[in-house]
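**Student:** Structure in structure tokens, see below.
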Amino acid sequence: MLAAVLAAGPAAASTTLPLHTAHRNTTAAAFGTHSCDQIPAANRGAGSDGFVFVLPANGAKFLTLTLAFRTTGGDEVTVSMPDPSDAYPDGITTNSTSKAWVVAPSGWTLLDGSATVDHDNTKADDFNLTHTCAGAGSSPSPSTSPSTSPSASPSVSVSPSTSVSSSPLPSGSGTVEGSSPATETPSAPGGGGGGGSLPVTGVALTGMTMTGAALIAGGVARLRVRRRRGVRVR
């Protein structure tokens, strides 16, 4: 009877607490607080995720934990700790508060959990997932923001002004008394005619020169005829 009472004593002094509701159904990469504290360096590395739990309110300590995970393939795995015989490193430590840690393959989802503590009068209603240590390959890759190149300002081309050429006067020409010098008058827009060239006004000097030469030649011819007639009359 005494042995039965002693065996029942420790069992009555323990209690089971659930995992905090807000900390269920999460991966190490998705959890809000990341740190590798409490996880031994030998158990960290690529291809693994660490989960660290804490028992709030001093006065009790973790005895055992049972955690439910979903693998990346969709299977459910139950991890019991402490259990040095399984493939998942774990441990329970005490540093002002009771903490526990476990390492699982990267990408596993913590579905739920329960913990047995050594005091039935603990003020804690549940235990918490305090932080995670996400291994390589489980953290989401940062997205690269596309660079925006400024658009080039459109170039405005200005068409050159149309040059107006005037018809040159014949070489050797000059100004004749009584005649007006040649002037250039721009053609009215939309008017027909010489395709943009300006009309030349005034008397053509070449025509006047030829007319004068013809008159002189005619006078000389008449003078010769008169002289010949005078000689015959005499």
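The values are calculated or read from the model by the stated rules, or taken from the named source; none is laboratory data. Everything numeric here is computed off the predicted structure, so don't read it as measured data. Using ideal geometry, Cβ is built from the backbone for each residue, glycine included, and neighbour counts are taken over all protein chains shown. Heavy atoms of the whole protein, side chains included, go into the accessibility calculation; ligands, DNA and RNA do not. Shrake-Rupley method; radii C 1.70, N 1.55, O 1.52, S 1.80 Å.
**Student:** Any idea which residue in region 109-121 is nearest to Gly59 (Cα to Cα), counting only those that are at pLDDT 85 or above and surrounded by fewer than 20 Cβ atoms within 10 Å (Cβ to Cβ)?
**Tutor:** The selected residue is Asp118.
**Student:** Count, please, the residues in region 74-98 that happen to be crowded, with 21+ Cβ neighbours inside 10 Å and modelled with pLDDT under 95.
**Tutor:** Within region 74-98, residues that are crowded, with 21+ Cβ neighbours inside 10 Å and modelled with pLDDT under 95 number 1.
**Student:** What residue, of Ser155, Ser138, is modelled with pLDDT under 75, open to solvent by 100 Å² or more (accessible area, probe 1.4 Å) and hydroxyl-bearing (Ser, Thr, Tyr)?
**Tutor:** Step by step, each of Ser155, Ser138 is checked, and only Ser155 is modelled with pLDDT under 75, open to solvent by 100 Å² or more (accessible area, probe 1.4 Å) and hydroxyl-bearing (Ser, Thr, Tyr).
Condition check ((1) within 16 Å of Asn128 (Cα to Cα); (2) loosely packed, with under 15 Cβ neighbours inside 10 Å; (3) among the β-branched types (Val, Ile, Thr)) across all residues:
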{"position": "Asn25", "(1), (2), (3)": "yes, yes, no"}
{"position": "Ala29", "(1), (2), (3)": "no, no, no"}
{"position": "Gly32", "(1), (2), (3)": "yes, yes, no"}
{"position": "Pro40", "(1), (2), (3)": "no, yes, no"}
{"position": "Ala46", "(1), (2), (3)": "no, yes, no"}
{"position": "Val54", "(1), (2), (3)": "yes, no, yes"}
{"position": "Ala60", "(1), (2), (3)": "yes, no, no"}
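**Student:** OK, next. Spot the failing condition for Thr122; the list is (1) farther than 15 Å from His20 by Cβ; (2) assigned to a loop (DSSP other than H, G, I, E, B); (3) not basic (Lys, Arg), and only one is missed.
**Tutor:** Of everything listed in (1) farther than 15 Å from His20 by Cβ; (2) assigned to a loop (DSSP other than H, G, I, E, B); (3) not basic (Lys, Arg), Thr122 misses just condition (1).
**Student:** Counting just the residues of region 59-89 that are outside any loop (DSSP other than H, G, I, E, B) and without any contact (Cβ under 8 Å) to a residue 24 or more places away in the chain, which one comes out nearest to the chain's Cα centre (by Cα)?
**Tutor:** Checking each candidate, the answer is Thr78.
**Student:** When you look at Gly45, is it at pLDDT 95 or above and not in a strand (DSSP E or B), yes or no?
**Tutor:** no
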